[in-house]
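Peer 1: Pasting a structure below so you can have a look.
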Amino acid sequence: MKSVAVIIPVLLLLASCANKYHRFVKEYTFKSASGKPDYTQLDYWAAHPYKKNPADSIPKPLREKNNTDTAIDIFFIHPTTYTDKEKKEGWNAPIDDAEINSKTDYSSILYQASVFNNAGRIFAPRYRQANYWSYFPQSGEDTINAIHAFEIAYEDVKTAFEYYLRQWNKGRPIIIAAHSQGTTHAKRLLKEFFETTALKDKLVVAYIVGIPIEPDYFSVLKPCEKPDETGCFCGWRTLQSGYKPDYILKEKYASVVTNPLTWDSSKPFADRFLNKGSVLLNFNKIIPHTAAANIQDGVLFTPKPRFFGNLFYTAKNYHIADYNLYYISIRENVALRVKAFLK
């Protein structure tokens, strides 16, 4: 029982510890002479259809019936995996840091980007992500450094997206998907490229998860209201029922929230029995009925997720598991929206 008590608390903490991914470090030998990403080289893509990568992985129970559609592209922007509080590498992650890249690929790319691999080709750029603590500046100088760090990160994402458009898109429909810091950048990308250009007509849907979405942030793009609606965006942040951290209480608006079980704005509440499956620490195991989905006050609430050993899981903020808890539901919704778009 003691060993279970040690293991279970990390069950959903897919990106909490770099040491967990240390065995993959040897895969990352490339070095950037300029310190900047070179998107002509596949090393600078965490996921790309022209190389084998963790985004290609399919949970074992789904493999037999999986039929990958390659008619559309997914541009996925990964969350923060540079979490060192001391910021030993500076305010931005080095683009060629083997440990950070292995952590990115075998956490976010495996457990989040893989959700989309039955829908099309996945492109996920590496970028000089801002350190996690950039979201929590402690001084005026910190604020300036944090703003600069996010600008560097976004410029990399934008450069990667522009290169993708020139080199590989060739007029194909696009899904924009992201989580956490990735969503910080995806919001800007959508505003810059999809609200002001003809790309708007190529947007299947955007899944911008883990970061609040201001009701008036977009001037053209609208929240998705129905499960098969296209050209719109979805987003949510997952907390335990009744738990409201300080940063939520301080928000001056109620964030746009999509229910990732009903996908219907007229059905904001969904029992956990509608949840067909989560993918937690064991990627090849699908666990049904783990989490409900109830929208209230700009967030998504669920009673404590149910899985073997959850007695020892005490976290109330399920940010890291925003995708994992609703893995099968998201995967099915992607397929539905792609089908509707292609019609």
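Peer 1: Rounded, prolate or oblate, given the Cα gyration tensor of region 215-291, with a/c below 1.5 counting as rounded?
Peer 2: Oblate is the answer for region 215-291, as a/c is 1.5 or above yet b/c matches or exceeds a/b.
Peer 1: Hey, with R₀ at 41 Å, roughly what FRET efficiency would Glu225 and Asp38 work out to, going by the Cβ-Cβ distance, to 0.05?
Peer 2: 0.50
Peer 1: Something else now. Take every Cα pair under 8 Å in the chain that's 6+ residues apart, average their separations, divide by the length, and report that relative contact order as a whole percent.
Peer 2: 18
Peer 1: Additional query: If you take every DSSP beta bridge fully contained in the chain, what fraction is antiparallel? Give it as a percent rounded to 5.
Peer 2: Of the beta bridges lying entirely in the chain, close to 30 percent run antiparallel.
Peer 1: Out of (1) 52, 18, 17; (2) 32, 27, 17; (3) 26, 25, 22, which label holds the value of semi-axes √(5λ) of the Cα gyration tensor in Å that was computed here?
Peer 2: Recomputing semi-axes √(5λ) of the Cα gyration tensor in Å here picks out (3).
Peer 1: Placing +1 at every Lys and Arg Cβ and -1 at every Asp and Glu Cβ, with all other atoms neutral, what dipole size does region 88-201 have around its Cα centre, in debye to the nearest 20?
Peer 2: 560
Peer 1: Give, rounded to the nearest 20 debye, the magnitude of the charge dipole that region 50-94 has about its Cα centre when Lys and Arg contribute +1 at Cβ and Asp and Glu contribute -1 at Cβ.
Peer 2: Roughly 180 debye for region 50-94.
Peer 1: Same structure again: Report the one residue of Phe269, Leu42, Phe136 whose Cα lies farthest in the direction of the positive end of the charge dipole of the chain (charges on C-beta: Lys and Arg +1, Asp and Glu -1; origin at the Cα centre).
Peer 2: Toward the positive end, the furthest listed residue is Phe269.
Peer 1: Still on this structure, I have one more. Which aspartates and glutamates, on any chain, are close to Lys244 with Cα under 12 Å apart, when same-chain ones fewer than 8 places away are left out?
Peer 2: Once the sequence-local aspartates and glutamates are set aside, what remains near Lys244 is Asp297.
Peer 1: May I ask which residue of Tyr318, Thr184, Phe233 lies farthest towards the positive end of the charge dipole of the chain, with charges of +1 (Lys, Arg) and -1 (Asp, Glu) on Cβ and the Cα centre as origin?
Peer 2: Tyr318
Peer 1: Further question on the same structure: Starting with the highest mean, order 20-26, 60-66 by the number of other Cβ atoms within 10 Å, averaged over the residues of each peptide.
Peer 2: The peptides rank, most packed first, as 20-26, 60-66.
Peer 1: Describe numerically, in nm with one decimal, the distance between label points set 7 Å from Cα along Cα→Cβ at Glu162 and at Phe312.
Peer 2: Result for the modelled spin labels: 5.0 nm.
Peer 1: With +1 on each Lys and Arg Cβ and -1 on each Asp and Glu Cβ, and nothing else charged, work out how big the dipole of region 196-343 is about its Cα centre, in Debye to the nearest 20.
Peer 2: Charge dipole, region 196-343, about its Cα centre: 380 debye, nearest 20.
Peer 1: Leaving out same-chain residues fewer than 8 places away, which aspartates and glutamates sit with a Cα under 14 Å from that of Lys316?
Peer 2: List returned: Asp246.
Peer 1: Considering Cα pairs under 8 angstrom that are at least six residues apart, work out the relative contact order of region 237-328 and quote it in whole percent.
Peer 2: So the answer I get is 37 percent.
Peer 1: Sort 73-80, 228-235 by the packing proxy (mean of other Cβ within 10 Å over each peptide's residues), most packed first.
Peer 2: Highest-to-lowest ranking by the protection proxy: 73-80, 228-235.
Peer 1: Could you give the distance between the Cα centres of region 301-336 and region 54-92, to the whole Å?
Peer 2: 17
Peer 1: For Gln129, what residues show an amide H to amide H distance below 5 Å, using hydrogens built from the backbone and excluding near sequence neighbours?
Peer 2: Those lying under 5 Å, H to H, from Gln129 are Ala93.
Peer 1: Work through the residues other than Ser266 whose Cβ is under 12 Å from its Cβ and net out their charges, Lys, Arg +1 and Asp, Glu -1.
Peer 2: For residues surrounding Ser266, the net value is 0.
Peer 1: Please name which of Pro260, Pro223, Val209 has its Cα lying farthest along the dipole of region 143-272 towards the positive end, using unit charges on Cβ (Lys, Arg +1; Asp, Glu -1) and the Cα centre as origin.
Peer 2: Of the candidates, Pro260 comes out farthest on the positive side.
Peer 1: For region 275-343, rounded, prolate or oblate, judged on the Cα gyration tensor with a ≥ b ≥ c (square roots of eigenvalues), a/c < 1.5 rounded, else prolate if a/b > b/c?
Peer 2: Oblate, because a/c is 1.5 or more while a/b does not exceed b/c.
Peer 1: While we're looking at this one, here's another question. Please list 246-255, 317-326, 187-196, 49-58 highest first by mean number of surrounding beta-carbon atoms within 10 Å per residue.
Peer 2: Top of the packing list down: 317-326, 187-196, 49-58, 246-255.
Peer 1: Still on this structure: Count the DSSP beta bridges whose two residues both fall in region 190-311, then state the antiparallel fraction as a percent rounded to the nearest 5.
Peer 2: Taking every DSSP beta bridge with both residues in region 190-311, the antiparallel ones total about 45 percent.
Peer 1: Here's a follow-up. Mind scanning Lys200/Lys343; Lys85/Lys304; Lys36/Lys158; Lys158/Lys202; Lys202/Lys339; Lys158/Lys191 and naming the pairs with a C-alpha gap bigger than 19 Å?
Peer 2: Lys85/Lys304
Each reported figure results from applying straightforward, stated rules to the coordinates on display, with no laboratory input. All values reported here derive from a predicted model rather than from experimental measurement. We place every Cβ from the backbone using ideal geometry, glycine too, and count neighbours over all the protein chains shown.
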